[in-house]
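What follows is a short report on a single structure.
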Amino acid sequence: MKDLRINNEIRARDVRLVGEEGEQLGVVSLREALALAQERHLDLVEVSPTARPPVCRLMDYGKYKYEQAKKERESRKKQKVVSVKELKIRPNIEEHDFEVKVRSAHRFLEDGDKVKCTMMFRGREIVHAGLGQETLAKLADLVKDVGVIERPPRVEGRSMIMILAPKKGV
């Protein structure tokens with residue numbers, strides 16, 4: 001939130017004054033505007049410093065800052081932070097171990113997180129990259145009700161990586 005200049009921090013000679021309810025009070029000298037603000041127990045806040053003359057508004061600055069901070073907190077509360085969970089598997093994974101990984105991926109996708117599936121190859125297993133691709137395709141097929149493939153399987157060094165994203169509306 002940007003800090004606005006208030007009261008004696010304003011450096012213009014004349015200002016365009018706006019009242020508490022948004023009504024135009026015209027172009028007045030800074031001294032008159034400050035006197036009017038003090039008389040009404042309000043602050044004179046420079047809302048548009050680049051205008052000629054600068055636009056100043058009569059308001060309770062503390063209350064304004066509080067309401068802006070409250071709006072910011074509310075908007076942050078509505079944001080969903082998507083994290084990426086990683087599943088590491090091997091091409092010769094046993095059936096039960098694979099089912100456990102599928103359940104984990106299912107749970108992560110239901111929670112709204114992305115899943116990075118990493119197929120790790122050791123030694124000469126990289127020669128059989130097709131087996132790894134089949135396993136990743138099988139995993140993607142088993143979680144297709146809650147997730148979609150965001151990035152298809154791609155070999156990167158000694159591993160193959162696929163990214164699954166949660167489906168919209170799940």
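The values are calculated or read from the model by the stated rules, or taken from the named source; none is laboratory data. On a predicted model such as this, the values are computed, not experimentally measured, just so you know. No Cβ is skipped: glycine too gets one built from the backbone with ideal geometry, and neighbour counts run over all protein chains shown. Ligands, DNA and RNA are stripped out before the accessible areas are found, and what is left, the full protein with its side chains, is counted by its heavy atoms. Shrake-Rupley method; radii C 1.70, N 1.55, O 1.52, S 1.80 Å.
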In the stretch 75-96, the residues that are part of a helix (DSSP H, G or I) and open to solvent by 80 Å² or more (accessible area, probe 1.4 Å):
76, 77, 78, 95, 96
How do the pairs read when you match residues in the stretch 1-24 that are without any contact (Cβ under 8 Å) to a residue 12 or more places away in the chain with residues anywhere that are in a loop (DSSP other than H, G, I, E, B), using Cβ under 8 Å and keeping only pairs 6 or more apart or on different chains?
11/5
Yes or no: residue 37 in contact with a helix residue (DSSP H, G or I) (Cβ under 8 Å, 6 or more places away or on another chain), of a type outside the set (S, T, N, Q) and outside any loop (DSSP other than H, G, I, E, B)?
yes
How many residues are modelled with pLDDT under 85, more than 30 Å from residue 73 (Cβ to Cβ) and part of a helix (DSSP H, G or I) if we restrict to the stretch 9-32?
1
Looking at this structure, is residue 109 aliphatic (A, V, I, L, M), within 25 Å of residue 158 (Cα to Cα) and in a helix (DSSP H, G or I)?
no
For the stretch 124-155, which residues satisfy the criterion of being open to solvent by less than 80 Å² (accessible area, probe 1.4 Å), under 15 Å from residue 89 (Cα atoms) and free of Cβ contacts under 8 Å to residues at least 24 places away in the same chain?
130, 137
Assess whether residue 116 counts as being under 26 Å from the mean Cα position of the chain (by Cα), within 16 Å of residue 101 (Cβ to Cβ) and either open to solvent by 60 Å² or more (accessible area, probe 1.4 Å) or modelled with pLDDT of 95 or more (or both).
yes
Name the residue that is most open to solvent (accessible area, probe 1.4 Å), counting only residues in the stretch 33-74 that are at pLDDT 85 or above and of a type in the set (Val, Ile, Thr).
55
For residues that are open to solvent by 80 Å² or more (accessible area, probe 1.4 Å) and within 24 Å of the chain's Cα centre (by Cα), scanning just the stretch 97-112, find the one that is farthest from residue 136 (Cα to Cα).
111
Of 118, 135, the only residue that is assigned to a helix (DSSP H, G or I) and either of a type outside the set (A, V, I, L, M) or touching a helix residue (DSSP H, G or I) at 6+ places or on another chain (Cβ under 6 Å) (or both) is 135
